[in-house]
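Below you'll find the structure, written out as structure tokens, and then a few comments.
The values are calculated or read from the model by the stated rules, or taken from the named source; none is laboratory data. Please read all numbers here as calculations on a predicted model, not as lab measurements. No Cβ is skipped: glycine too gets one built from the backbone with ideal geometry, and neighbour counts run over all protein chains shown.
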Amino acid sequence: MATLNTVTSSTRPASPTAGEAYFETDTNKIVVYNGTTWTEIVSDGTLGSSFSNAYSVDFDGTNDYMAAGNITALNSVANASYSFWYKTSATGKVGLLGGGAGTSAYHWSDGNMYVHSFVNTLSHPITIPTLGAWHHVVCTFEASGSKLYLDGSLQSTVDHGDTTASNAGTGFQVGRVPHYSIPDGQKLIDEVALFTSTLSASDVSAIYNSGVPADLTSYSPVNWWRMGDNDSGTGTTITDQGSGSNDGTLTNGPTFSSSVPS
């Protein structure tokens, strides 16, 4: 299926050739150059999207993880966020992701999400998520505190220091919490993204998208691991779709799954 390249009303090509067509992202118009001038076609903006989500990664809870290297963009910054989806039937401690200073989150069955949120351990009380179902987690960091969202809804806010730790992104891993060596609990993880910005409540709601993963490109993630969707669900490399170019390496045998949030 043919697709249209995108421009804005201020970045239309200066010297187009007849027949060139684009979709303007700021006006939701299709524009076509007829050899003399631009013809504008009013559009509802829904031209169809190539974004789809067909894979997640299954971590066995024994020693599986994805190694992502050093995420230096997370170190000593005033604003940061991370977003990911997970599904587990485990009732105990479940390691999800983390870096050198415990830039991490893991779920306990006592109704708390313990977030080692860039600086120290922050206990965010949450409603116990439904086991065996997909859930979306966002944690944000800014001077006013750390906020935890579950399935698009704010759960709690906790005060902390003014910047992230100097090694917050060191040795970042998905599937376990390396700072505490907690690879416990089988789980599926999908659409992991890190940002050097504080996602707003409306951003979180849009990313949650009523339970269906959405395209994160417009939020400028530093790292975005789609957990198989850009790698055809094969191999051991998870290509980073963010600006940081930290490809992940599946280690100790995680497998791809067709179970995804939907």
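Results, tabulated for the structure shown:
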quantity: Positions within the range 56-83 being among the hydrophobic types (A, V, I, L, M, F, W, C) and closer than 14 Å to Phe172 by Cα, in sequence order; calculated: Met66, Ala67, Ala68, Ile71, Ala73, Leu74
quantity: Qualifying strands (runs of 3 or more DSSP E) (wholly inside the range 5-98; at least 1 residues being loosely packed, with under 12 Cβ neighbours inside 10 Å and either among the aromatic types (Phe, Trp, Tyr) or out of contact with any Cys (no Cβ under 6 Å at 6 or more places or on another chain) (or both)); calculated: 5-7, 38-42
quantity: Failed item in (1) surrounded by 19 or more Cβ atoms within 10 Å (Cβ to Cβ); (2) under 11 Å from the mean Cα position of the chain (by Cα); (3) not in a strand (DSSP E or B), with Asp231 passing the rest; calculated: (2)
quantity: Residue in the range 206-224 that is assigned to a helix (DSSP H, G or I), surrounded by 23 or more Cβ atoms within 10 Å (Cβ to Cβ) and modelled with pLDDT of 95 or more present; calculated: yes
quantity: The range 128-166: number of residues that are closer than 30 Å to Ser258 by Cα and either in contact with a Phe, Trp or Tyr (Cβ under 7 Å, 6 or more places away or on another chain) or in contact (Cβ under 8 Å) with a residue 12 or more places away in the chain (or both); calculated: 19
quantity: The range 204-227 residues that are in the same structural domain as Gly248 (by TED's automatic domain parsing), paired with ones that are assigned to a helix (DSSP H, G or I) and of a type in the set (Gly, Ala, Ser) (beta carbon under 6 Å, 6 or more apart); calculated: Val222/Ala73
quantity: Subset tally (residues that are modelled with pLDDT under 85 and either under 21 Å from Thr236 (Cα atoms) or in contact with a Gly (Cβ under 6 Å, 6 or more places away or on another chain) (or both)) for the range 159-184; calculated: 9
quantity: Hits in the range 57-96 (condition: in contact with a Ser or Thr (Cβ under 9 Å, 6 or more places away or on another chain) and of a type in the set (Val, Ile, Thr)); calculated: Val57, Ile71, Thr72, Val77, Thr91, Val94
quantity: Residues of the range 218-255 that turn out to be closer than 21 Å to Cys139 by Cβ and out of contact with any Gly (no Cβ under 6 Å at 6 or more places or on another chain), as a count; calculated: 11
